[in-house]
1. As I understand it, the value is the acute angle between the Cα axis of helix 155-173 and the longest principal axis of the Cα atoms of the chain; what does it come to in degrees, rounded to 10?
2. Going Cα to Cα from K211, which aspartates and glutamates come in below 14 Å? Please leave out same-chain ones fewer than 8 positions away.
3. Could you check the simple spin-label distance between L12 and T411, using points 7 Å along Cα→Cβ, in nm with one decimal?
4. Evaluate the relative contact order of the chain (contact order divided by residue number), counting alpha-carbon pairs under 8 angstrom at least 6 apart; express in whole percent.
5. Need the full-extension length gain, K447 to R344, defined as separation in residues times 0.36 nm minus the C-alpha distance. One decimal, nm.
6. When a/c reaches 1.5 or more, the comparison of a/b and b/c decides; with that in mind, is the chain rounded, prolate or oblate per its Cα gyration tensor?
7. How far apart, in nanometres, would the label points at I207 and H383 be if each is projected 7 angstrom from Cα along the Cα-to-Cβ direction?
8. If I take R0 = 60 Å and measure r between the Cβ atoms of V397 and F34 in this structure, what FRET efficiency does the formula 1/(1 + (r/R0)^6) give, to the nearest 0.05?
Amino acid sequence: MGGISIFAGIALGLVFFLYDFWEPRLLGFVLGGFIVFVVGLWDDVSSLRPVTKLLGQIIAACIVVSTGTLFNFGGHELFAVLLTIFWIASVTNAFNLIDNMDGLCAGTACISGLVLVAYAFVNGDPVVGMISAAFVGACLGFLWYNFSPASIFMGDSGSMMIGYAFAVVSIMATGKGVGDFVATLAIPVLVLGVPIFDTALVSFSRIFMGKRISQGGTDHTSHRLVILGLSERQTVLLIYAFSLILGTTAFLYAYLNFSIVIVLSVILISCAVVFGLFLGEVKVEPVELPSALSERKGSHPAVLGTNVFHKRAFVEMLLDLVAICLAFYTATLLRYEAELTPTRITRIWVSLPVIIPVKLIVLYAFGLYRSMWRYLGFADLIHIFRAVTTSSVLSVVAVLMVWNFEGYSRTVFVIDWMIMLMLVSGLRLLFRGLRDTLSGTQKNTGKRVLIIGAGDAGEMLVREMQNNSRLGYLPIGFIDDNLGKIGRRMFGLEVMGSRSDLRRIIVEEQVEEVIVAIPSVLEEDLADFFYPCTELGIPCRRTHSLI
């Protein structure tokens with residue numbers, strides 16, 4: 001019932017501070033918000049069907065539209081009305097979906113609200129600023145009791161109303177003097193990026209598994225991060241950081257060149273897709289989550305089939321398609337110092353239909369869509385370098401053959417090659433980095449193992465132990481006779497000493513098992529490892545030449 005307190009706080013704030021700024025569009029906002037709140041409260045009490053809640057949200061959206069609040073697309077009213085209704089219903093449900101962990105929904109709402117307050121202040125819109133500030137205040141007061149460990153919860157009456165409010169206010173914030181389609185959508189999508197991302201991830205995963213989108217489950221972004229090893233509090237704070245980054249990018253729209261903001265937005269969206277692919281490989285099961293989480297949203301998780309995401313060449317090609325367009329656009333932007341005349345913009349759109357197929361065919365021919373990003377190595381980066389370089393050279397040849405290079409700058413194609421190389425390799429490195437970083441946080445409570453040999457075999461052994469918690473091993477460090485390695489780290493584990501320190505390290509670190517990861521070790525040298533372990537009653541094993 002925490003949603004009641006949030007509603008009361010917002011209502012009092014609006015009554016006191018919006019009286020002098022009253023206008024017709026506020027009437028639709030207030031009436032629609034009241035309907036959404038009542039529907040949410042009704043659902044908290046008696047569990048409504050999803051279609052009934054959706055009907056209430058659509059009615060509220062129609063009231064908002066009827067009082068003049070809708071996207072501004074410069075005369076395309078029918079499209080604007082349909083998109084506005086869809087936007088309000090979608091964002092309302094998006095905030096409802098992310099209310100699955102202590103402090104997550106309220107904290108995200110605070111960050112989004114603060115961004116809208118700042119944006120309204122810069123653009124001189126007191127109505128948007130006052131409404132956003134009222135919601136931030138109510139959510140902050142609630143968050144004090146809702147942050148982990150929570151003592152109160154907002155329920156659907158709170159989460160749906162917050163989602164509805166930010167959906168409407170984000171439209172109000174971009175409704176003045178903005179007629180460009182991309183510009184109109186860029187700011188609200190970025191400000192509310194976290195709930196939109198979570199909704200997209202959950203929806204696609206459930207569709208691929210043949211599940212109903214409306215069913216409850218523990219397959220949200222927050223749940224997957226917890227399974228990867230983050231605590232509930234760390235997960236919430238990380239999502240707060242994502243929300244702040246997206247919101248800051250939206251706020252920069254008021255200060256930066258529009259083209260630069262679009263470039264930043266496309267890069268962030270591409271990174272979000274890669275992050276979604278990474279989270280999609282996490283198998284979500286209630287037993288993997290803390291009991292409070294696995295029971296909170298029902299006992300029917302949507303486990304994303306790995307076969308769907310292992311055959312994701314289409315998504316990878318789509319990301320490279322975006323990288324090709326973004327690289328050429330950004331290269332032109334940099335070459336002409338952000339001064340894109342209509343002639344230069346036209347040249348970009350005319351050139352891309354020739355450049356895109358040439359580059360995609362080359363990347364495909366080089367086998368970039370047959371590699372597994374999770375195991376990306378140095379050899380793969382060299383392969384990407386060759387593929388991107390070849391594609392850039394052939395695209396130059398294509399432009400030369402079609403247009404004889406008339407009106408084109410050679411510098412643009414050099415910059416385009418560098419940016420595309422960074423994007424194509426960077427997105428794949430991001431996936432690998434997420435795997436190494438987040439998988440490395442996975443909690444392992446198995447045997448404390450000491451590895452003898454900080455070489456290639458030791459690296460393979462530790463990597464497998466850290467990535468596969470079901471093995472039941474917790475590597476705590478290395479021993480190596482190479483004095484140059486002592487004190488250094490591999491995968492976050494320190495090389496603690498040489499073989500002469502073995503007995504001391506076993507006792508001090510409470511080692512439960514020792515593994516000799518030196519395949520070429522001589523039999524007579526094994527006694528130096530096995531004898532101290534036998535004396536201390538610790539099992540000692542060795543790997544062989546093939547692991």
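1. Between the helix axis and the principal axis of the chain, the angle is about 70 degrees.
2. Output for K211: D219.
3. Taking the simple label geometry, L12 and T411 are separated by 6.0 nm.
4. Numbers: 787 pairs, mean separation 61.2, N = 547.
So the answer I get is 11 percent.
5. Details: separation 103, 0.36 × 103 = 37.08 nm, distance 6.32 nm.
That pair, K447 and R344, stretches by 30.8 nm at full extension.
6. On the way: a/c = 2.49, a/b = 1.35, b/c = 1.85.
Note, shape of the chain comes out oblate.
7. My value for the distance between the label points is 3.0 nm.
8. On the way: r = 64 Å, r/R0 = 1.06.
Efficiency at R0 = 60 Å is approximately 0.40.
Read the figures in this text as sums done on the coordinates, not as results from a lab. None of the values given here were measured: they were computed from a predicted structure. As a convention, Cβ positions derive from the backbone with ideal geometry for all residues, glycine included, and neighbour counts pool all protein chains shown.
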